[in-house]
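Working notes, beginning with the structure itself.
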Amino acid sequence: MEFFVDTANLDQIRKAMDLGVLDGVTTNPSLMAKEGIRGNDAVMEHYLNIAKMVGQNVSAEVIATDYEGMIREGQVLAALHPAIVVKVPMTRDGIRAIHTFHSEGIRTNCTLVFSAGQALLAAKAGATYLSPFIGRLDDLNMDGLELIAQIVQIYRTQGFTTKILAASIRSSLHIVRCAEVGADVVTCPLSAMEGLFYHPLTDKGLAQFLEDHARNNA
Ligand code: G3P
């Protein structure tokens, strides 16, 4: 399973890279706004900086909602850097755009996916990645992980090659459960990734080892 960090913050991306297990980055317009990146030139420059820094799998989202606009924006984004993956919302025009990008060899990430039916459409259109938002489903008392498991089963049964990129991850446990049910990728906040390191018995055990070593070598 690949690990992506879900942020547009360069410092957080650097920290995630320093963990030594990072495979990519996802962003969205809300995350760009959080960093105060505004205006087309600044947005493009920021995507380019992230792509140069990470060198692989950087999802950059189109803002247009019509087919022609998505194609225009997506082609500009894809031309920025080979690491860019064009993120396209799960709409009628989005699915049509994904189909066109697929035929042009442009990698896509179909975002805002909340059902197995939507996952089926995105795979049929040739999406490279599919982003089901599990945390937002959990927020509505629906089971986000169950959706991931259902999509894994459908894609395996049908032989689809679209990668399942579990998004809207809220905790380290979400990451582990996504691995269990067979997600190809998780994109998560740095804090959820860092939470995987922690176990009190690891800390306790290491302290004991160091104490015994010090006593033995005093
Ligand atoms: O990658 C999608 C993600 O950014 C959505 O996360 O926490 O806003 O539901 P969240």
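Filter segment 119-147 for residues that are in contact (Cβ under 8 Å) with a residue 40 or more places away in the chain, in contact with a Gly (Cβ under 9 Å, 6 or more places away or on another chain) and closer than 15 Å to Val88 by Cβ and give the result.
The one that is in contact (Cβ under 8 Å) with a residue 40 or more places away in the chain, in contact with a Gly (Cβ under 9 Å, 6 or more places away or on another chain) and closer than 15 Å to Val88 by Cβ: Ala122.
More than 16 Å from the ligand (Cβ to nearest atom), more than 17 Å from the chain's Cα centre (by Cα), more than 25 Å from Leu190 (Cα to Cα) and buried (at least 17 other Cβ atoms within 10 Å of the Cβ): does that describe Ala64?
yes
Looking only at residues in segment 161-205 that are in a loop (DSSP other than H, G, I, E, B) and out of contact with any helix residue (DSSP H, G or I) (no Cβ under 7 Å at 6 or more places or on another chain), which one is farthest from Ile13 (Cα to Cα)?
My answer is Thr161.
Just name the residue that is surrounded by the fewest Cβ atoms within 10 Å (Cβ to Cβ) out of those in segment 1-28 that are more than 14 Å from the chain's Cα centre (by Cα) and free of Cβ contacts under 8 Å to residues at least 60 places away in the same chain.
Going through the qualifying residues, I end up with Gly20.
I'm trying to understand the selection: among the residues of segment 76-93, which are more than 15 Å from the ligand (Cβ to nearest atom) and under 20 Å from the mean Cα position of the chain (by Cα)?
Leu77, Ala78, Leu80, His81, Pro82, Ala83, Ile84, Thr91, listed by residue number.
With surrounded by fewer than 19 Cβ atoms within 10 Å (Cβ to Cβ) and of a type in the set (A, V, I, L, M, F, W, C) as the only criterion, which of Leu130, Leu173, Leu165, Leu145 stands out?
Selected residue: Leu173, the only one of Leu130, Leu173, Leu165, Leu145 that is surrounded by fewer than 19 Cβ atoms within 10 Å (Cβ to Cβ) and of a type in the set (A, V, I, L, M, F, W, C).
Computed from the coordinates by the stated procedures, all read-outs in this text should not be read as laboratory data. A quick note: this is a predicted structure, and the numbers were derived from the prediction, not measured. Positions of Cβ are generated from backbone atoms using ideal geometry, with glycine treated the same way; all protein chains shown enter the neighbour counts.
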